[in-house]
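Engineer: Would you mind keeping the following structure in view while I ask a few things?
The values are calculated or read from the model by the stated rules, or taken from the named source; none is laboratory data. Model, not experiment: these values are computed from the prediction. Every residue, glycine as well, gets a Cβ built from its backbone with ideal geometry; the counts of neighbours run over all protein chains shown. Side chains are part of the model used for accessible areas, which takes the heavy atoms of the whole protein and leaves out ligands, DNA and RNA. Shrake-Rupley method; radii C 1.70, N 1.55, O 1.52, S 1.80 Å.
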Amino acid sequence: MPDTPDVNRVLQALGDPTRRAIVDRLSQGPLSVSTLAQPFDMSLTAVVQHLQVLEECGLVHTEKIGRVRTCRLDPAGFDTLEQWIRTHRSAWERRLDRLGELLEEE
């Protein structure tokens, strides 16, 4: 995995409703894969595949201790997304400020 997650991969991962639901569940705290998978109407293998996508883009970290694999949110992917949003927000704010100035001149 690269040091800095790619914003395109983060956005693509979050584009899937199941992966967003997994992130929502993990926002409550770390969970085992089996506990995390319980409310989903899919196989454990399918949930693990979703977790792999989330882990590859830096949103989730999994750790195996003994026979239990535990998942938790990883701030790296969220930091990348936050930076991208901040950059684009400030660019749009500057554009809107300039538009406001132009409209006031008329």
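Engineer: Give region 34-55 a look and list any residue that's small (Gly, Ala, Ser) and in a helix (DSSP H, G or I), or say none.
Structural biologist: 34, 37, 46
Engineer: Also: Specify the residue that is least open to solvent (accessible area, probe 1.4 Å); the eligible residues are those in region 25-35 that are of a type in the set (S, T, N, Q) and under 16 Å from residue 78 (Cβ atoms).
Structural biologist: Ranking the candidates gives 27 first.
Engineer: Hey, another quick one. Looking only at region 84-106, count how many residues are within 25 Å of residue 25 (Cβ to Cβ) and of a type outside the set (Val, Ile, Thr).
Structural biologist: Residues that pass the stated criteria total 1.
Engineer: Sort out which residues of region 61-98 are part of a helix (DSSP H, G or I) and hydroxyl-bearing (Ser, Thr, Tyr), and write them in order of number.
Structural biologist: 80, 87, 90
Engineer: Counting only residues that are without any contact (Cβ under 8 Å) to a residue 24 or more places away in the chain and more than 19 Å from residue 12 (Cβ to Cβ), how many does region 53-74 have?
Structural biologist: 5
Engineer: Modelled with pLDDT of 95 or more and more than 11 Å from the chain's Cα centre (by Cα) - does that describe any residue in region 71-89?
Structural biologist: yes
Engineer: Looking at (1) assigned to a loop (DSSP other than H, G, I, E, B); (2) open to solvent by 20 Å² or more (accessible area, probe 1.4 Å); (3) not aromatic (Phe, Trp, Tyr), which is the one condition that is false for residue 58?
Structural biologist: In the conditions (1) assigned to a loop (DSSP other than H, G, I, E, B); (2) open to solvent by 20 Å² or more (accessible area, probe 1.4 Å); (3) not aromatic (Phe, Trp, Tyr), residue 58 misses (2) alone.
Engineer: Among the residues of region 21-42, write down those that are over 16 Å from the mean Cα position of the chain (by Cα), free of Cβ contacts under 8 Å to residues at least 24 places away in the same chain and farther than 22 Å from residue 66 by Cα.
Structural biologist: If the condition is that a residue be over 16 Å from the mean Cα position of the chain (by Cα), free of Cβ contacts under 8 Å to residues at least 24 places away in the same chain and farther than 22 Å from residue 66 by Cα, then 39, 40, 41 are the ones that fit.
Engineer: Name every residue in region 10-24 that is surrounded by fewer than 18 Cβ atoms within 10 Å (Cβ to Cβ) and charged (D, E, K, R), in order of residue number.
Structural biologist: Correct list: 16, 20, 24.
Engineer: On to the next question. Regarding region 23-33, can at least one residue be identified that is assigned to a strand (DSSP E or B) and either farther than 18 Å from residue 83 by Cβ or not β-branched (Val, Ile, Thr) (or both)?
Structural biologist: Checked region 23-33: at least one residue is assigned to a strand (DSSP E or B) and either farther than 18 Å from residue 83 by Cβ or not β-branched (Val, Ile, Thr) (or both).
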